[in-house]
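What follows is one structure encoded as structure tokens, with my remarks underneath.
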Amino acid sequence: MHKILVFNNVSMDGLFSDSDGGVGWAKRDNEELTEYVKQSRGDISTYMFGKTTYQMFAGFWPTPAGKAANPYFAKILTEGRKVVFSKSLKRADWENSVIEPKADATTIGRVRKSNNGDCLIFGSGTLVRDLTEKGLIDEYQLVLNPVILGSGRPLFSPLPKSVELQLLESKPFKNGTVLLRYQPLKLGER
């Protein structure tokens with residue numbers, strides 16, 4: 001079965017958005033990271049989003065500004081299959097997008113099986129938290145940014161129990177960010 005991966009920028013204090021919900025603090029001048037992603041991207045066929053992140057991405061990446069900011073990411077995101085989990089969103093106009101009302105184990109299993117590759121979640125804090133709580137995330141790829149925000153939204157808002165992780169890779173970049181790849185330990189691996 002294909003994996004579900006999380007890819008997010010985080011601050012030194014574990015936040016993925018500032019107190020206004022913005023991500024402008026995340027380092028954008030990272031050609032090294034883009035090259036790394038091109039080389040190590042693997043078999044990603046589907047992008048999964050919560051409603052807020054989907055609307056933010058759909059309003060930027062398929063536009064001329066998004067294409068100018070990073071042509072590679074604009075292309076793969078626009079051409080890729082996108083699943084947005086939302087009970088309130090009625091239309092998803094960005095090409096190759098579908099809406100799923102629930103992110104339960106049955107729906108996630110169906111999305112996984114219907115893919116030709118892995119699923120990648122960007123942003124989407126509520127979705128990441130819910131799937132983490134259900135034990136459905138296979139890998140976390142976090143880009144640690146050299147900034148302490150002080151307030152904002154934590155990527156892992158309170159969970160009912162801790163989740164132990166195993167470090168798979170750490171990759172520093174010249175702009176001061178560090179990519180950290182982790183996989184959750186399964187029961188019995190602790």
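The values are calculated or read from the model by the stated rules, or taken from the named source; none is laboratory data. Only a predicted model underlies this, so the values are computations on that prediction, with no experimental measurement involved. When we count neighbours, we look across all protein chains shown, and the Cβ atoms used for this are built from the backbone with ideal geometry, even at glycine.
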Query raised in the report: Among all residue pairs at least 6 apart or on different chains, which show Cβ distances below 6 Å where the first residue, located in the range 152-180, is farther than 17 Å from L15 by Cβ and the second is surrounded by fewer than 12 Cβ atoms within 10 Å (Cβ to Cβ)?
Result: E164/R190; N175/D29
Report task. Mind listing just one residue for me: the one in the range 10-56 that is at pLDDT below 85 and basic (K, R) and, of those, nearest to G109 (Cα to Cα)? Result -> R41
Report summary line: For the range 63-87 the number of residues that are in contact with a helix residue (DSSP H, G or I) (Cβ under 8 Å, 6 or more places away or on another chain) and either buried (at least 17 other Cβ atoms within 10 Å of the Cβ) or modelled with pLDDT under 90 (or both) is 11
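Within the range 117-138, is even one residue charged (D, E, K, R), touching a His at 6+ places or on another chain (Cβ under 7 Å) and buried (at least 17 other Cβ atoms within 10 Å of the Cβ)? Before the answer, list the steps.
Of all residues in the range 117-138, those charged (D, E, K, R) come to 118, 129-130, 133-134, 138.
In the following step, the residues that additionally are touching a His at 6+ places or on another chain (Cβ under 7 Å) were identified as 118.
Remaining after also requiring buried (at least 17 other Cβ atoms within 10 Å of the Cβ): 118.
Yes: one or more hits.
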Requested in this report: Find the residue count for the range 72-105, including only residues that are of a type in the set (F, W, Y) and within 20 Å of D138 (Cβ to Cβ).
Outcome: 1
Query - Complete set of residues in the range 88-99 that are surrounded by fewer than 17 Cβ atoms within 10 Å (Cβ to Cβ) and part of a strand (DSSP E or B) - result: V98
Query raised in the report: Could we say that V178 is in contact with a Pro (Cβ under 7 Å, 6 or more places away or on another chain) and within 27 Å of W25 (Cα to Cα) here?
Result: yes
Report task. Mind listing whichever residues of the range 1-60 are of a type outside the set (F, W, Y), surrounded by 17 or more Cβ atoms within 10 Å (Cβ to Cβ) and under 22 Å from K174 (Cα atoms)? Result -> N8, N9, V10, S11, L15, V23, A26, N30, L33, V37
Query - Number of the exception - I148 against (1) exposed (fewer than 15 other Cβ atoms within 10 Å of the Cβ); (2) over 28 Å from G176 (Cβ atoms) - result: (2)
**Report entry** Where G21 falls short, out of the listed (1) of a type outside the set (S, T, N, Q); (2) more than 27 Å from K90 (Cβ to Cβ); (3) within 17 Å of the chain's Cα centre (by Cα)
**Finding:** (2)
Report summary line: Within the range 166-190, of all residues that are among the charged types (D, E, K, R) and assigned to a loop (DSSP other than H, G, I, E, B), the one surrounded by the fewest Cβ atoms within 10 Å (Cβ to Cβ) is R190
Report summary line: Residue hits (the range 137-176; over 18 Å from F16 (Cα atoms) and aromatic (F, W, Y)) are F173
